[in-house]
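Notes follow the structure.
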């Protein structure tokens, strides 16, 4: 497992690093004492585990979690026990009260390994989708395709990092992609529901784009979103 350590106390950081060096199942990919600098590093490195102090200057550990794109498995390391209840609200795997012994960290690692195994078993498969552009076939992951827009006789496939334009109708693509989690929300738009960030009765945000919900589709769209939970 890869891990990242955010700890503002030099001695506590040194002790944790020394412990981890004795545990071959853990690899430190980064560490930081400054929570502001750590946020970008964690988002870039994507560690499996984050050892996170709570009481820090500038930002506390909970505020750091609120600013991460994707939350790793979290282990809080703190000298204060009053945050124990809050740690469960952030789905922390463990709560290490400083100072702690190596044996306590070993117990923590066992919890992390179990949680990681469960997450891997539950992780959904990212399906392939074939997009036809004339004679050329593009194989893309479902997660890459954010939405499809109809422009007269053309379809615009908006992916996370590119745009593919092809001749076709949105009606046919709706039939082909609805079983893969795509939903028609407007006469001109088909969206990937797994890319949805938030919605209102009038629009749905997928990726960084706000898509209008057509009046004729409103009831069906809101019902589908509610059923999906």
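Brief remarks follow.
- Where residue 26 falls short, out of the listed (1) under 21 Å from residue 104 (Cβ atoms); (2) at pLDDT 95 or above: (2)
- Members of the range 24-44 found to be surrounded by 14 or more Cβ atoms within 10 Å (Cβ to Cβ) and in contact (Cβ under 8 Å) with a residue 40 or more places away in the chain, listed by number: 26
Yes or no, residue by residue, for (1) in contact with a helix residue (DSSP H, G or I) (Cβ under 7 Å, 6 or more places away or on another chain); (2) outside any loop (DSSP other than H, G, I, E, B):
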site: 15; (1), (2): no, yes
site: 30; (1), (2): yes, yes
site: 38; (1), (2): yes, yes
site: 47; (1), (2): no, no
site: 55; (1), (2): no, no
site: 64; (1), (2): yes, yes
site: 76; (1), (2): yes, yes
site: 82; (1), (2): no, yes
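- Scanning the range 197-208 for residues that are surrounded by fewer than 16 Cβ atoms within 10 Å (Cβ to Cβ) and in a strand (DSSP E or B) yields a total of 4.
- Within the set 120, 113, 156, the sole residue that is free of Cβ contacts under 8 Å to residues at least 40 places away in the same chain and part of a helix (DSSP H, G or I) turns out to be 120.
- Filter result (in contact with a strand residue (DSSP E or B) (Cβ under 8 Å, 6 or more places away or on another chain) and either in a strand (DSSP E or B) or under 20 Å from residue 210 (Cα atoms) (or both)) within the range 159-176: 159, 160, 163, 164, 165, 166, 167, 170, 174
- Sole residue being surrounded by 17 or more Cβ atoms within 10 Å (Cβ to Cβ) and out of contact with any strand residue (DSSP E or B) (no Cβ under 6 Å at 6 or more places or on another chain), chosen from 194, 150: 150
- Selection within the range 159-180 - touching a residue at least 12 places away in the same chain (Cβ under 8 Å), under 16 Å from residue 224 (Cβ atoms) and surrounded by fewer than 18 Cβ atoms within 10 Å (Cβ to Cβ): 174, 180
- Residue 136 being surrounded by fewer than 13 Cβ atoms within 10 Å (Cβ to Cβ) and free of Cβ contacts under 8 Å to residues at least 24 places away in the same chain: yes
The values are calculated or read from the model by the stated rules, or taken from the named source; none is laboratory data. Here the structure is a predicted model, which is why all the values come from computation and not from measurement. Cβ atoms come from the backbone with ideal geometry, glycine included; neighbour counts cover every protein chain shown.
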